[in-house]
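The values are calculated or read from the model by the stated rules, or taken from the named source; none is laboratory data. Keep in mind the model is a prediction, meaning the values are calculated, not measured. In this analysis, Cβ positions are derived from the backbone assuming ideal geometry, glycine residues included, and neighbour counts consider all displayed protein chains. In case anyone asks, the SASA skips ligands and DNA or RNA and just uses the protein heavy atoms, side chains included. Shrake-Rupley method; radii C 1.70, N 1.55, O 1.52, S 1.80 Å.
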Amino acid sequence: MEVYFGGAFQGKLDYVLKKKGNLRVADGKDCDEKQLQSADIVNHLHLLIQRRIAVGESTDTLIEELYAVNPQMILICDEVGSGIVPLERKDRIYRESVGRVLCAAVAKSDRVERILCGIGQCLKQESVGITK
Amino acid sequence: MLILITGTSGSGKSEYAEKICCELAGSAKKYYIATMQPYGAEGAQRIRRHHALRQGKGFETIEQYQNVSKAFDKVQTEAVSHAAQNEKPVVLLECLSNLMANECFEEGGTPDAVFSDCIQLYRQCRHLVIVTNEIFSDGCLYDNTTTDYITRLGRLNTQLAQEADCVAEVVYSIPVYWKGAYELIQENLPL
């Protein structure tokens with residue numbers, strides 16, 4: 001598993017596609033289970049988490065489920081935890097869950113990068129540093 | 001050199017950008033292109049704080065709220081337009097979040113042209129240091145107009161980072177280089 005995260009609109013998907021070539025992308029915004037399970041890349045993981053929470057599902061085991069389907073899966077996710085704690089309980093659960101899911105994803109991943117301004121910074125790998 | 005400095009609100013990114021400019025300029029002419037319009041008491045105070053920070057550092061301020069490629073039209077700069085590369089000025093442009101807001105929401109704005117404006121401005125500079133803003137990680141959903149603005153600023157940051165020699169994120173006054181390095185700037189200091 002690999003995970004790429006960063007702020008919104010930082011060119012994360014472009015960065016990953018450029019690096020990995022043309023792979024099958026499932027969009028967390030609207031993909032169905034079948035698309036999700038056959039994907040090489042899950043983009044907008046935060047929106048998948050948001051959809052699950054909206055229907056009252058837990059995301060505690062999301063990473064384990066995805067890993068079981070495809071241990072090579074590449075996850076792309078917005079960082080959403082930097083603002084004010086939301087008023088709505090559902091929104092609070094969402095933000096917290098994105099953080100917890102990313103922690104689980106990082107634990108399973110052999111490569112983790114954070115993207116800023118379209119540039120990747122490797123946070124987990126044999127050698128840590130800015131990547132080309 | 002083209003240098004992009006980013007960071008969150010209150011991170012010390014302005015101060016760091018000023019420091020870089022002063023080093024790169026040495027005794028040469030420095031311009032500060034201010035993009036923030038003084039709205040209300042809080043805006044005025046923010047501007048006063050930035051003024052005080054720059055005080056004594058030898059910047060000439062140009063207020064340019066839109067179309068930054070035209071910033072030098074306002075000053076008598078025969079010297080700027082025809083200067084040899086090493087005689088061109090060192091410029092600090094602050095900041096892209098205000099500039100993009102002015103281009104998106106003020107009359108006569110051309111949000112599609114901000115990237116090319118910046119590149120055109122860079123051609124008139126020996127070194128251009130641009131300050132932008134990290135506004136992308138609060139996880140909030142906004143209305144379409146605001147989302148369009150955030151999308152544009154994110155894209156602009158990414159495009160400029162691609163052109164830049166150095167990209168640094170300032171984290172509470174500590175510069176973290178995402179591209180290039182401080183050593184690269186040191187190599188470009190005037191003799």
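Just want to confirm a number: the relative contact order over chain B, from Cα pairs under 8 angstrom separated by 6+ residues, in percent.
Reported as a whole number, the value is 36 percent.
Under the classification rounded if a/c is under 1.5, otherwise prolate if a/b is larger than b/c and oblate if not, where does the protein assembly as shown fall, given a ≥ b ≥ c as square roots of the Cα gyration tensor eigenvalues?
prolate
Excluding residues on the same chain fewer than 8 positions from A:LYS18, give the lysines whose Cα lies under 17 Å from its Cα.
A:LYS132
Which pairs in the list A:LYS12/A:LYS108; A:LYS12/B:LYS179; B:LYS19/B:LYS70; B:LYS13/B:LYS179 are over 22 Å apart, alpha-carbon to alpha-carbon?
Too far apart for the 22 Å limit: B:LYS19/B:LYS70.
Report the accessible area of B:THR146, computed with a 1.4 Å probe over the heavy atoms of all protein chains in place, in Å² rounded to the nearest 10.
We get 40 Å² for B:THR146.
Hey, how many Å between the Cα centroid of segment A:26-83 and the Cα centroid of segment B:67-136?
Each part's Cα centre sits 40 Å from the other's.
How many Cβ atoms of partner chains, on average, are near each residue of B:171-180 if near means within 10 Å of its Cβ?
That average works out to 2.
Could you work out how far helix B:40-54 tilts from the main Cα principal axis of chain B, as a 0 to 90 degree angle to the nearest 10?
With rounding to tens, the tilt is 20 degrees.
From the helices alone, meaning DSSP H stretches of at least four residues, give me the mean residue ellipticity at 222 nm for chain A, per-run term -39500 (n - 2.57), in deg cm²/dmol to the nearest 500. Working shown, then result.
Details: 5 runs with 52 residues, N = 132.
My calculation for chain A gives -11500 deg cm²/dmol from helical runs alone.
Is the shape of segment A:2-125 best called rounded, prolate or oblate, per the rule: a/c under 1.5 gives rounded, else a/b larger than b/c gives prolate, else oblate, with a ≥ b ≥ c the square roots of the Cα gyration tensor eigenvalues? Walk me through the numbers on the way to the answer.
On the way: a/c = 1.61, a/b = 1.21, b/c = 1.33.
Oblate.
Straight-line reach only, C-alpha to C-alpha below 24 angstrom: list the lysines that A:LYS90 could link to, leaving out same-chain residues fewer than 8 apart.
A:LYS29
Only bridges whose two residues both fall in the protein assembly as shown count here: according to DSSP, what percent of them are antiparallel, nearest 5? Walk me through the numbers before you get to the answer.
Numbers: 12 of 50 bridges.
Of the beta bridges lying entirely in the protein assembly as shown, close to 25 percent run antiparallel.
Mind checking the dipole of segment A:2-125: about its Cα centre, +1 per Lys or Arg Cβ, -1 per Asp or Glu Cβ, Debye to the nearest 20?
Roughly 260 debye for segment A:2-125.
Within 10 Å of each Cβ in B:151-160, how many Cβ atoms from other chains are there, averaged over the peptide?
Mean inter-chain Cβ contacts per residue within 10 Å come to 4.
How many partner chain Cβ atoms sit within 10 Å of a residue's Cβ in peptide B:123-135, on average, as a whole number?
Whole-number average of other-chain Cβ neighbours for B:123-135 is 1.
Does anyone have the angle between helix B:114-123 and the longest principal axis of chain B? Alpha-carbon axes, 0 to 90°, nearest 10?
Its long axis makes an angle of about 0 degrees.
Show the residues, 5+ positions off or on another chain, whose built amide H is closer than 5 Å to the amide H of A:GLU79.
Amide H neighbours of A:GLU79, under 5 Å, 5+ apart: A:GLY6, A:GLY7, A:ALA8.
Leaving ligands and nucleic acids out of the surface, order A:ARG114, A:ARG52, B:ARG46 by accessible area at 1.4 Å, largest first.
B:ARG46, A:ARG114, A:ARG52
Helix B:96-105 versus the longest principal axis of chain B: what is the Cα-based angle in degrees, 0 to 90, to the nearest 10?
For B:96-105 against chain B, the angle is about 50 degrees.
Tell me what chain B gives for mean residue ellipticity at 222 nm when only DSSP H runs of n ≥ 4 count, each as -39,500 (n - 2.57), the sum divided by the residue total, rounded to 500 deg cm²/dmol. Don't skip to the end; give the middle numbers.
Details: 7 runs with 79 residues, N = 191.
Estimated from H runs of four or more residues: -12500 deg cm²/dmol.
Among A:VAL42, A:VAL85, A:VAL112, whose mean-square fluctuation peaks in a Gaussian network model of chain A (Cα, cutoff 10 Å)?
So, out of A:VAL42, A:VAL85, A:VAL112, the one fluctuating most is A:VAL85.
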